[in-house]
Amino acid sequence: MKIIVAIDGFAASGKSTIAQDLAERTGYTHIDSGAMYRAVTLFGMQNGLVTSSTDINSKKLIELLPTIDISFDRTPDSYSTILNGKNVEKEIRSLEVSNLTPHVAKIAQVRNFLTARLREMGKNKGVVMEGRDIGTVVFPDAKMKVFVTAPLNISVERRLKELKTQGNPATYQSVKADILERDKIDAAWTHPAEDAIRIENGAEPLSDIVQYLLSIFYNLTEN
Ligand code: DC
């Protein structure tokens, strides 16, 4: 029996790595909903509708939502986000997009638009979908829900490493401030579902966490 696995958590909690690993081991399709919020933000920036956190033309952006097509291109070793036919994987990971996305994600119509897209993508189950509100809003009936947290210092180190590999060195303090600011806004729609398995992604090796989640997954799918 195929199920939906919902993996939610705050910025830099390491939920993407867990979701990717779990999808790979179960043969499920990994869907990164954060990439879709980022792609809508990038679309707004490219069209001059999102220029800063306080200057967002939400009326026009809402009007143009039906013209936004977002899909994913997957190969065994890469995962790319496609916005209206163009690979934007690199652009959506920039610091500017990261910082503007929570302000776009605040717009109720953007949330409704992406929630509908995500429900469509997961309708046949067999997906590991990661985000903030997957287990509470998008698929409240998901069979398996996980909520990932991490100590702040580990989240900062994780994001610093990621930025460095992208050739984008930043300071510990600036990354810490960015994470705290994003989490403050995202807190409005980031909640663990009551029936979510809580994972503190700190010192424990990733392989142990995934192994633990896999045992729960097989229990749920084999019955
Ligand atoms: O997971 P991430 O850092 O790539 O998410 C990018 C932004 O999108 C973040 O500010 C939260 C927002 N988001 C959301 O509001 N709802 C989701 N289901 C996923 C992401």
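The values are calculated or read from the model by the stated rules, or taken from the named source; none is laboratory data. None of these values were measured; they are calculated from a predicted model. Glycine also receives a Cβ, built like all others from the backbone with ideal geometry; neighbour counts cover every protein chain displayed. These area figures cover heavy atoms from the full protein model, side chains too; ligands, DNA and RNA do not enter into them. Shrake-Rupley method; radii C 1.70, N 1.55, O 1.52, S 1.80 Å.
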Q) Mind ordering 179-192, 103-116 by average Cβ neighbours within 10 Å, highest first? A) 103-116, 179-192
Q: State the antiparallel share, in %, of DSSP beta bridges confined to the chain, rounding to the nearest 5.
A: 35
Q: Would you work out what percent of the accessible area of the chain, with all protein chains in place, is carbon or sulfur (probe 1.4 Å)?
A: 51
Q | Long-range amide H partners of Phe72 with built H, under 5 Å | A | Ile82
**Q.** Simple label model, 7 Å out from Cα along Cβ direction - Ser71 to Tyr218, nm
**A.** 3.5
Q: State, to one decimal in nm, how far the label point of Ile197 lies from the label point of Gln211, with both points 7 Å from Cα in the Cβ direction.
A: 1.4
**Q.** Whole-number accessible area per residue in Å² for the range 175-223, which is evaluated in the context of all protein chains at 1.4 Å
**A.** 59
Q.
If I model a spin label at Trp189 and Glu63 as a point 7 Å from the Cα along the Cα→Cβ vector, what separation in nanometres do I get?
A. 2.2
Q: Estimate the FRET efficiency between Asp55 and Lys164 by the formula 1/(1 + (r/R0)^6), using the beta-carbon distance for r and 25 Å for R0, to the nearest 0.05.
A: 0.25
Q. Peptides 164-172, 5-13: what's the order by average Cβ count within 10 Å, highest mean first?
A. 5-13, 164-172
Q. By average Cβ neighbour count within 10 Å, what is the ranking of 42-52, 199-209, 78-88 from highest down?
A. 42-52, 78-88, 199-209
Q) Excluding ligands, DNA and RNA, what is the solvent-accessible area per residue of the range 1-142 at a probe of 1.4 Å, expressed in Å²? A) 44
Q) Can you flag which of Lys59/Lys125; Lys123/Lys143; Lys90/Lys161; Lys59/Lys106; Lys15/Lys90; Lys125/Lys145 are past 24 Å Cα-Cα? A) Lys59/Lys125
Q. So what's the back-of-envelope 222 nm ellipticity for the chain, counting only DSSP H runs of four-plus at -39500 (n - 2.57) apiece and dividing by all residues, rounded to 500?
A. -15000 deg cm²/dmol
Q | Only Lys, Arg (+1) and Asp, Glu (-1) charged, at Cβ; the range 117-212 dipole about Cα centre in debye | A | 280
